[in-house]
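Visitor: Pasting a structure below so you can have a look.
The values are calculated or read from the model by the stated rules, or taken from the named source; none is laboratory data. Predicted model, so just to flag it, every value in this text is computed and none were measured. Here Cβ is always computed from backbone atoms with ideal geometry, including for glycine, and neighbour counts include all displayed protein chains. The accessibility values were calculated without ligands, DNA or RNA, using every heavy atom of the protein model including side chains. Shrake-Rupley method; radii C 1.70, N 1.55, O 1.52, S 1.80 Å.
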Number of protein chains: 2
Amino acid sequence: MTPSLDDIFAALADPTRRAILSMLLEDDMAVTDVAEPFEMSLAAVSKHLVILTKAGLISQEKRGRVKWCKLEPDAMRTASIWMQSFGQFEAINLDAFEEYLQQNELFG
Amino acid sequence: MTPSLDDIFAALADPTRRAILSMLLEDDMAVTDVAEPFEMSLAAVSKHLVILTKAGLISQEKRGRVKWCKLEPDAMRTASIWMQSFGQFEAINLDAFEEYLQQNELFG
DNA sequence: GTGATATTCAACCATTTGGTTGACGATTGC
DNA sequence: GCAATCGTCAACCAAATGGTTGAATATCAC
């Protein structure tokens with residue numbers, strides 16, 4: 001059951017879920033720690049994690065009573081590749097790209 | 001009102017809408033012609049086009065009684081740039097990146 | 001064993017989504 | 001002028017979404 005573009009894009013359409021993915025970019029996290037910054041119930045965050053897992057964007061592994069969440073970049077790459085099929089990236093938006101790089105301090 | 005990532009990803013999450021975008025990659029099209037291959041009402045397709053327009057993925061221009069639909073790649077670029085951070089830049093257009101670096105004389 | 005911690009489950013709710021149909025307002029061709 | 005064409009609007013519907021709460025299930029620490 002490889003995740004569909006439907007599932008991937010739908011998962012990415014929610015700001016809470018995108019925030020979770022950004023958090024997991026730093027490091028793997030337990031469900032409770034993922035939920036901590038959000039002003040919603042743990043159960044709600046748990047549901048978001050299920051959606052992200054079904055989309056293939058993260059994986060979850062239970063060790064003891066703690067369930068660890070891990071980013072899985074392949075799914076996002078699938079979506080990215082679909083976008084690239086539009087073949088319009090020769091005119092990539094360099095301003096936005098530069099802004100992105102600076103915001104993320106990837107340049108010294 | 002610049003479209004949000006919410007709007008863009010939500011718009012991309014539907015297979016009908018992705019198919020419409022692929023069709024518009026070929027050429028600009030009238031609403032009736034966009035709707036022709038789909039087994040749903042014209043009104044339903046018209047709604048999809050509204051969603052794509054609000055997401056900034058297409059634009060619509062009325063000439064006479066015909067409304068023409070045109071692909072607008074900037075919105076997809078916005079989403080693509082957001083996604084790049086999750087793939088360690090493997091999927092980015094390296095030619096564009098190199099051009100960017102040279103234009104800004106960050107290389108010798 | 002007992003109590004605290006980690007997480008999900010189940011039932012519920014309001015709102016959104018994706019579709020239908022029929023009527024309607026423009027615009028065109030003859 | 002009038003009929004046909006293009007597209008949207010309005011009302012409606014079923015299903016999905018995103019949230020809540022309280023109970024339930026594991027697991028850990030002591």
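Visitor: Which number in (1) at pLDDT 95 or above; (2) more than 14 Å from DNA strand C (Cβ to nearest atom); (3) farther than 28 Å from B:ILE20 by Cα marks the one condition that A:ASN104 misses?
Guide: Only one criterion is unmet by A:ASN104, namely (1).
Visitor: Here is a further query. Restricting to the stretch A:42-58, name every residue that is under 17 Å from the mean Cα position of the chain (by Cα) and outside any loop (DSSP other than H, G, I, E, B). Break it down into steps so the answer makes sense when it comes.
Guide: Applying the first criterion (under 17 Å from the mean Cα position of the chain (by Cα)) to the stretch A:42-58 yields A:44-58.
Result: A:ALA44, A:VAL45, A:SER46, A:LYS47, A:HIS48, A:LEU49, A:VAL50, A:ILE51, A:LEU52, A:THR53, A:LYS54, A:ILE58.
Visitor: I need the full set of residues from the stretch A:1-36 which are more than 10 Å from chain B (Cβ to nearest Cβ), of a type in the set (A, V, I, L, M) and outside any helix (DSSP H, G or I), in order please. Walk me through it before giving the result.
Guide: Within the stretch A:1-36, the first condition is being more than 10 Å from chain B (Cβ to nearest Cβ), and the residues that meet it are A:1-3, A:16, A:19-20, A:23, A:26-36.
Restricting the remaining residues to those that are of a type in the set (A, V, I, L, M) gives A:1, A:19-20, A:23, A:29-31, A:34-35.
Listed by number, the residues that qualify are A:MET1, A:MET29, A:ALA30.
Visitor: Taking the stated definitions as given, is A:VAL31 more than 19 Å from B:MET83 (Cβ to Cβ), hydrophobic (A, V, I, L, M, F, W, C) and buried (at least 16 other Cβ atoms within 10 Å of the Cβ)? Break it down stepwise before answering.
Guide: Working: more than 19 Å from B:MET83 (Cβ to Cβ): yes; hydrophobic (A, V, I, L, M, F, W, C): yes; buried (at least 16 other Cβ atoms within 10 Å of the Cβ): yes.
Yes, satisfied.
Visitor: Pairs please, first residue from the stretch B:68-81 and more than 7 Å from chain A (Cβ to nearest Cβ) and open to solvent by 30 Å² or more (accessible area, probe 1.4 Å), second anywhere and β-branched (Val, Ile, Thr) and not in a strand (DSSP E or B), Cβ atoms under 9 Å, 6+ apart in sequence or on different chains.
Guide: B:TRP68/B:VAL31; B:GLU72/B:THR53
Visitor: Report whether or not B:ALA44 is of a type in the set (A, V, I, L, M, F, W, C), exposed (fewer than 14 other Cβ atoms within 10 Å of the Cβ) and modelled with pLDDT of 95 or more.
Guide: Numbers: of a type in the set (A, V, I, L, M, F, W, C): yes; exposed (fewer than 14 other Cβ atoms within 10 Å of the Cβ): yes; modelled with pLDDT of 95 or more: yes.
The answer is yes for B:ALA44.
Visitor: Of all residues in the stretch B:30-60, which are under 22 Å from B:ASP7 (Cβ atoms) and touching a Lys or Arg at 6+ places or on another chain (Cβ under 7 Å)?
Guide: B:VAL31, B:HIS48, B:ILE51, B:LEU52, B:ILE58, B:SER59, B:GLN60
Visitor: Restricting the search to the stretch A:1-27, which residues are of a type outside the set (A, V, I, L, M) and open to solvent by less than 70 Å² (accessible area, probe 1.4 Å)?
Guide: As a first pass, look at the stretch A:1-27 and keep what is of a type outside the set (A, V, I, L, M): A:2-4, A:6-7, A:9, A:14-18, A:22, A:26-27.
The answer is A:PRO3, A:SER4, A:ASP6, A:PHE9, A:ASP14, A:PRO15, A:THR16, A:ARG17, A:ARG18, A:SER22.
Visitor: Same structure again: Given the residues B:GLU61, B:GLU39, which is the only one that is charged (D, E, K, R), free of Cβ contacts under 8 Å to residues at least 40 places away in the same chain and in a loop (DSSP other than H, G, I, E, B)?
Guide: Numbers: B:GLU61 fails: in a loop (DSSP other than H, G, I, E, B).
Going through B:GLU61, B:GLU39 in turn, just one is charged (D, E, K, R), free of Cβ contacts under 8 Å to residues at least 40 places away in the same chain and in a loop (DSSP other than H, G, I, E, B): B:GLU39.
Visitor: State yes or no: is B:ARG17 in contact with a helix residue (DSSP H, G or I) (Cβ under 6 Å, 6 or more places away or on another chain) and near DNA strand C (Cβ under 10 Å from one of its atoms)?
Guide: Values: in contact with a helix residue (DSSP H, G or I) (Cβ under 6 Å, 6 or more places away or on another chain): yes; near DNA strand C (Cβ under 10 Å from one of its atoms): yes.
Judged against the criteria, B:ARG17 is a match.
Visitor: Kindly indicate whether any position in the stretch B:51-62 is within 10 Å of DNA strand C (Cβ to nearest atom), open to solvent by 40 Å² or more (accessible area, probe 1.4 Å) and polar (S, T, N, Q).
Guide: So far as the stretch B:51-62 goes, no, none of its residues is within 10 Å of DNA strand C (Cβ to nearest atom), open to solvent by 40 Å² or more (accessible area, probe 1.4 Å) and polar (S, T, N, Q).
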